[in-house]
Amino acid sequence: MKNTKILKDPCPCRRLGSGASHHFFGYYNKTVWDRTGRYLLANQVPVMDAPLTPELVSEVGFFDLHDNDRYHSLDQTTAWNWQMGCQFQWLDGATQRQVIYNSRTTDKNSVYPGFGSTVCNIETCQKRALPLPVYVVSPDSRFGLCVDYSRLYITHETIGYPENEPPAVMPNAPADDGIHYLDIASGESRLVVSYAGLRNFHPVKSMDKAIHWVSHIEINPTSSRFLLLHRWTERVKDETCFLHRLITVN
């Protein structure tokens with residue numbers, strides 16, 4: 001035991017949240033802390049595990065680590081899942097403290113009918129709606145990259161959102177859908193990568209009859225490029241049959 005080192009100042013560890021509710025956050029690629037380290041984001045739900053339905057509600061809020069870890073509820077959403085939550089994330093590039101999270105809407109004419117996102121200023125409690133659900137937001141908080149969570153619910157159920165009326169047909173590799181760029185300030189959007197484009201980029205035979213989707217979208221620190229996993233399969237219920245490749249986009 002000659003090389004054993006004893007930690008003189010152990011790292012403190014404490015539980016956040018109490019009572020009957022359960023708290024969780026979401027995916028590993030987003031930080032719970034704001035830029036000061038004082039506030040910590042959390043989803044609050046009444047159960048620890050349950051089958052997802054369009055009616056299952058999650059509260060979105062934060063813990064104040066400088067005020068006895070008090071929990072502040074900001075809103076409720078039904079656009080979430082157990083693996084990624086509601087894509088709750090800080091807009092650290094914005095003025096004041098602002099967050100963004102996915103939500104359901106009544107707009108049936110949007111890019112992804114029934115789904116959008118909400119920006120909330122936690123200092124003023126003001127909220128504004130955006131017309132697409134986000135997957136990830138750029139570090140400078142100018143834009144988000146967005147996908148169809150109904151497609152994800154079919155291709156990779158644990159990262160999608162269920163619908164009361166699921167699409168009758170989900171095309172395998174459409175030219176009019178893929179990854180959308182969403183301007184956070186204006187709400188304007190455009191398609192930047194299509195599923196048809198991904199399928200036709202250095203294609204292989206296994207793509208011909210497969211359904212295509214994307215996941216693990218990440219934006220670089222300078223907000224100038226992003227990467228994604230392009231995924232495809234003919235058997236969505238068997239993850240061992242998923243095929244994928246890493247692609248970067250300017």
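The values are calculated or read from the model by the stated rules, or taken from the named source; none is laboratory data. Source: prediction; values computed, not measured. Note that we place each Cβ from the backbone using ideal geometry, even for glycine, and neighbour counts take in every protein chain shown. Side chains included, ligands, DNA and RNA excluded: accessible areas come from the protein's heavy atoms. Shrake-Rupley method; radii C 1.70, N 1.55, O 1.52, S 1.80 Å.
A compact table of results
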read-out: Estimated distance in nm for a label pair at residue 69 and residue 183, the labels positioned 7 Å out from Cα along Cα-to-Cβ; value: 4.3
read-out: Cleavage-rule hits (trypsin sites (Lys or Arg not before Pro)) in the range 210-245: DSSP loop, at most 16 neighbouring Cβ within 10 angstrom; value: 225, 235, 237
read-out: Label-point separation in nm, residue 223 to residue 241, each point 7 Å along Cα→Cβ; value: 4.2
read-out: Candidates per GluC sites (Glu not before Pro) in the range 96-183, loop by DSSP, up to 14 other Cβ within 10 Å; value: 123
read-out: CD proxy at 222 nm, helix term only [per DSSP H run n ≥ 4: -39500 (n - 2.57); per residue of the chain; nearest 500]; value: -1000 deg cm²/dmol
read-out: Percent accessible area from carbon and sulfur atoms, the range 48-99, protein chains only, probe 1.4 Å; value: 48
read-out: Qualifying lysines (Cα of each under 21 Å from Cα of residue 8; at least 8 residues distant if same chain); value: none
read-out: Unit charges on C-beta of K, R, D, E only; dipole of the chain, Debye; value: 840
read-out: Of all accessible heavy-atom area on the range 203-248, the percent that carbon and sulfur account for (1.4 Å); value: 57
read-out: Kirkwood estimate for the range 50-90, i.e. one over the average of 1/r between Cα atoms, Å; value: 11.5
read-out: Fully extended contour minus Cα-Cα distance, from residue 164 to residue 191, at 0.36 nm per residue; value: 7.1 nm
read-out: Å² per residue, accessible surface of the chain at 1.4 Å; value: 54
read-out: Per-peptide average of other Cβ atoms within 10 Å, ordering 135-143, 13-21, 167-175 highest first; value: 135-143, 167-175, 13-21
read-out: Proximal aspartates and glutamates to residue 108, defined as alpha-carbon separation beneath 19 angstrom and excluding residues fewer than eight positions away on the same chain; value: 55, 148, 163, 165, 176, 177, 188
read-out: Candidate aspartates and glutamates for bridging to residue 30, where Cα separation is under 19 Å - those fewer than 8 sequence places away on the same chain excluded; value: 59, 64, 92, 140, 218
read-out: Gain in span if fully extended, residue 129 to residue 202, counting 0.36 nm per residue against the direct Cα distance; value: 22.5 nm
read-out: Over the range 86-166: Rg over Rh, Cα atoms, Kirkwood Rh; value: 1.00
